[in-house]
Ligand SMILES: C[S@@+](CC[C@H](N)C(=O)[O-])C[C@H]1O[C@@H](n2cnc3c(N)ncnc32)[C@H](O)[C@@H]1O
């Protein structure tokens, strides 16, 4: 299957359009089917040693949406990751006060950065952006990188490689099983926006070592791991070796 990137409806609906609100709710069910939270949690724990996790950690999610996905991850990690400062970047400002309170109740500090990720990638050398430091212990993405054609994808990955020590991406697996699953999201009660976007997402997803191939070749001291995860997803991890940090 050739990779095809298409504009997804949810990305262009006004944030509070009822169809968008409903589609974001559908996404929670899609994440359950994809086992996203447990895959993200395991990947983060593989990237951050238990000892390092007890120290202050700065984490950035690019394309964070309403921030609810990571809240579930935070709930299971918070006892062992007590001092997290999380930045939720998305071009839509849709993280609710209740979600921010959910992070606060766990002892995590969460802040929203409402900006375009490509603008973030372009200006990352400035040092701070809206008072937010541009250095991260971990950058994470979920169902985000597949939105981008190769040039933008490589710009993002280059920015990520210069801004953090660890990176994790969770994406649709561009394969027949995931494509079949995406055609069946209607069985979960998903609305028309979700049904259409799910199929587009798989066509724009990744397989084999494609993300590794787009990782900046001049980024030295990094180790990469890329593989299918679960039935429907494709994951990429990158980490700087101790010597390179
Ligand atoms: C499919 S949603 C995933 C949201 C969340 N990561 C999750 O898995 O629940 C994709 C998100 O990427 C955001 N997005 C798409 N293109 C973006 C860009 N260029 N800059 C910032 N956010 C973007 C959209 O606004 C949307 O919230």
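Values for this structure:
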quantity: Fewest-first ranking of 183, 217, 31, using other Cβ atoms within 10 Å as the exposure measure; calculated: 217, 183, 31
quantity: Rounded, prolate or oblate (a/c below 1.5 giving rounded, otherwise prolate when a/b exceeds b/c) for region 9-244 by Cα gyration tensor; calculated: rounded
quantity: Estimated inter-spin distance, residue 51 and residue 180, nm [label 7 Å along Cα→Cβ]; calculated: 4.6
quantity: Percent of beta bridges antiparallel (DSSP, the chain, rounded to nearest 5); calculated: 45
quantity: Order of 84, 150 under a 10 Å beta carbon neighbour criterion, fewest first; calculated: 150, 84
quantity: Per-pair calculated FRET efficiency, R0 = 30 Å: residue 115 and residue 225 via Cβ, rounded to 0.05; calculated: 0.55
quantity: Within the chain, helix-based [θ] at 222 nm, where runs of 4 or more DSSP H residues each add -39,500 (n - 2.57), nearest 500; calculated: -11500 deg cm²/dmol
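Each value in this text was obtained by applying a stated rule to the coordinates, not by laboratory testing. Quantities reported herein were computed from a predicted structural model and do not represent experimental measurements. For neighbour counting, all protein chains shown are included, and Cβ atoms are generated from backbone atoms with ideal geometry for every residue, glycine included.
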